[in-house]
Amino acid sequence: MSSGPALPVPASGVPGAEVLGPAEITRALTRIAHEILERNKGASGIVLLGIPTRGLPLAHRLAAKIAEVEPDVDPSSLVGSLDVTMYRDDLHRHPTRTIGATEVPADGVDDKVVVLVDDVLFSGRTIRAALDALNDLGRPRAVQLAVLVDRGHRELPIRADYVGKNLPTSLSEKVRVRLSETDPDAGPQVVDTVRIDGGER
Amino acid sequence: MKHLLSAGDLDRDAAIHVLDTAARMAATQGREMKKLPTLRGRTVVNLFFEDSTRTRISFETAAKRLSADVINFAAKGSSVSKGESLKDTAQTLQAMGADAVVIRHPASGAPHRLAHSGWVGTSVINAGDGTHQHPTQALLDAYTIRQHLAGGPTHDPTAEPDQRGLGQDLAGLRIAIVGDVLHSRVARSNVQLLHTLGAQVTLVAPPTLVPVGAQAWPCDVSYHLDEVLADQQPDAIMMLRVQRERMGAGAGSGPSHGTGFFPSPLEYTRAFGLDARRLRMLPDHAIVLHPGPMNRGLEISADAADSARAVILEQVTNGVAVRMAVLYLLLAKEKETWA
């Protein structure tokens, strides 16, 4: 994907336009946590599987928010990570990808409601790979999808159940999510933000 | 990286990357569903010109766990016994659409020839060539050692076994490699790789079984096993198989077969065999490795081979994960065009 012409650099000196700031990300995650609880009638039988790299810290943040509302829930037993690298359909189009960790809570995923958590929903191919990876781990009762940003341009019949922000984009734009857990060196103006740059809006 | 021909091809970062990838692969092998779709549609040819049990089965298992198709080729019972050359055999396999060739050959350098001659455009993985290199064996040995010993003897016992030592090298560990170094490709690969990873390697062998030029290798050489055990307190000891089939002299299969390099098997065992007494001389955390197949009673006693310190079967298990990692790193990427 070409990055296209850059947006005018704002006064802060950081490229791109901020779409979500730290407070907005927190608010969106709080809302998603409540939606998950409401739809599933509580936190029992729920497993949050974050897709590395940035889905994993989001899953941990969601679990912490769920634990605030449901005090008898242990947030660490709610969260796992699901690496999809070996299930991707584009492995032969890229240089070798580094494989991330897959860790499922001790009870497994059988007959649980699995909520997949990722930062940006784009073509849907990562989620397709995640569904295949999940299939090899067990048989969940249901699978739901939570994303921080849905930027459109789906290439597969996949939709998110919980969306932090719907963000209409053009294909030439880039959506960058930077989180304090995964990008500690991103700089104070960029960390915990979603920014969009490139292309013409 | 297109080929894996020698342990010397890997620098420290590349070696750690392979070991970390192997750890991820190992984590998937504890599941009920062990098969991954990663290399679906790719074809791996096992081209074995020399007898092998565990290496061939290990590569076959690794390729199948990644959903690649595997074609096994053994020189016995093939056109090679009619006099077909390596070039013609390899080109035939290429014409059948192989993506990777795993080759074991009695001649040192055969995999290098195959990779660089322009005969075939596939990835070439060396599964042991003559007395030269056996890089995947060195990687699985390094992986096994790292799992047990990286980060000092007091590693985090709560970590999952597969994830221990992730991202670490073998700095500061003392490793003794004992036995028939002369005929051992395993020793050559291990000296290179363990040195690359920061370990301190000592070769222990009778003078007749130390190759010419070993003084130039990045390791120490000793002729006395007891001294090394007492003075160095190695963290890991690797016993090498006495390769009688390569020792020529005294042909036949009697007890004196192939003992031109030492007076008698009994004397070899007394000086260089690992038995219960030598096992007690090792530090408590030390582990015992053997690349297999073992000559029980010659280089290793049954006491040592079956002790709790021996990680010989773990080496076999880890071999599958390491070979999955190598196949993944060589094959799961853009196909390099072949001119």
Q: Two decimals is fine: what's Rg over Rh for the stretch B:1-131, C-alpha atoms, Kirkwood radius as Rh?
A: 0.97
Q.
Buried by at least 50 Å² relative to the chain on its own: which residues of the stretch B:313-331 qualify, computing accessible area with a 1.4 Å probe on protein heavy atoms?
A. B:328
Q. Angle between the Cα long axis of helix A:22-40 and the longest principal axis of chain A, 0 to 90 degrees, nearest 10?
A. 30 degrees
Q: With N set to the residue count of chain B, report its C-alpha Rg divided by 2.2 N^0.38 Å to two decimal places.
A: 0.99
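For the stretch B:194-335, with every protein chain kept in place, what is the accessible area per residue (1.4 Å probe, Å²)?
42 Å²
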Q) For the stretch B:77-154, what is the convex hull volume of its Cα atoms per residue in Å³? A) 126 Å³
Q) Sequence-distant or interchain residues sharing an amide H contact under 5 Å with residue B:46, placed H: which? A) B:71, B:72, B:73, B:102
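Can you pull the percent of chain B's accessible area that's carbon plus sulfur, 1.4 Å probe, other chains left in place?
52 percent
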Q | A/B buried area, accessible surface, summed, 1.4 Å probe, Å² | A | 1500 Å²
Q: From the C-alpha gyration tensor of the stretch B:106-230, pull out the three semi-axes of the equivalent ellipsoid (sqrt of 5λ each), sorted largest to smallest, in whole Å.
A: 27, 23, 10
Q: Of the options B:324, B:59, B:75, report the single residue whose Cα projects farthest towards the positive end of the charge dipole of the protein assembly as shown (beta-carbon charges: Lys, Arg +1; Asp, Glu -1).
A: B:75
Q | Number of partner chain Cβ atoms within 10 Å, mean per residue of A:90-97 | A | 5
Q) Hey, what's chain A come to in accessible area per residue, 1.4 Å probe, Å²? A) 48 Å²
Q | Positive-end residue, the protein assembly as shown charge dipole about Cα centroid, Cβ charges, pick of A:123, B:197, A:146 | A | A:123
Q) Which of the lysines could a cross-linker span from residue A:41 if the Cα-Cα distance has to be under 28 Å and same-chain partners fewer than 8 positions apart are dropped? A) A:65, A:112, A:165
Q. With contacts defined as alpha carbon pairs under 8 Å and 6 or more residues apart, what's the relative contact order of the stretch B:51-151 in percent?
A. 19 percent
Q) To the nearest 0.05, what FRET efficiency results for residue B:87 and residue B:222 with a Förster distance of 30 Å applied to their C-beta separation? A) 0.10
Q: Report the normalised scattering of the stretch B:135-316 as log10 I(q)/I(0) at q = 0.09, 0.10, 0.12 Å⁻¹, calculated by the Debye formula with identical scatterers on the alpha carbons.
A: -0.30, -0.37, -0.53
**Q.** Efficiency of FRET between residue A:27 and residue A:125 - r from beta-carbon atoms, R0 22 angstrom, step 0.05
**A.** 0.15
Q.
Under 5 Å between amide hydrogens, which residues at least 5 positions from residue B:287 or on another chain qualify, with H placed 1.01 Å from N in the peptide plane?
A. B:236, B:237
**Q.** Bins of 10 Å, starting at 0 and running to the largest distance - Cα pair percent for the stretch A:45-148
**A.** 16, 50, 27, 6, 1
Q.
Which order do the peptides B:276-282, B:80-86 come out in when sorted by mean C-beta neighbours inside 10 angstrom, highest first?
A. B:276-282, B:80-86
Q) Can you work out D for chain A in µm² s⁻¹ from Stokes-Einstein, where Rh is the Kirkwood radius over C-alpha pairs, the temperature is 25 °C and the viscosity is 0.890 mPa s? A) 140 µm²/s
Q) So what is the relative contact order of the stretch B:135-316, in percent, for Cα pairs below 8 Å that sit 6 or more residues apart? A) 21 percent
Q. For the Cα atoms of chain A, what angle does the longest principal axis make with the long axis of helix A:55-69, in degrees from 0 to 90, nearest 10?
A. 60 degrees
Q) How much accessible surface does residue B:331 have with a 1.4 Å probe, in Å² rounded to 10? A) 10 Å²
Q: Would you be so kind as to identify which of A:184, A:169, A:53 lies farthest towards the positive end of the dipole of chain A, taking Lys and Arg as +1 and Asp and Glu as -1 on Cβ and the Cα centre as origin?
A: A:169
Q: Evaluate the Debye formula for the protein assembly as shown with equal point scatterers sitting on the alpha carbons, no solvent, and hand back log10 of I(q)/I(0) at q = 0.06, 0.11 Å⁻¹, in q order, two decimals.
A: -0.37, -1.02
Q) With helices defined as uninterrupted DSSP H runs, which ones in chain B have an alpha carbon span along their own long axis of at least 15 Å and mean Kyte-Doolittle hydropathy of at least -0.5? A) B:12-28, B:135-149, B:185-196, B:312-331
Q) Per residue of the protein assembly as shown, what 222 nm ellipticity follows from adding -39500 (n - 2.57) for every DSSP H run with n ≥ 4, rounded to the nearest 500? A) -9500 deg cm²/dmol
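The values are calculated or read from the model by the stated rules, or taken from the named source; none is laboratory data. If you're wondering where the values come from, they're calculated on a predicted model, not measured in any experiment. Cβ: placed from backbone, ideal geometry, glycine included. Neighbour counts: every protein chain shown. Keep in mind that these areas ignore ligands, DNA and RNA; they rest on the heavy atoms of the full protein, side chains included. Shrake-Rupley method; radii C 1.70, N 1.55, O 1.52, S 1.80 Å.
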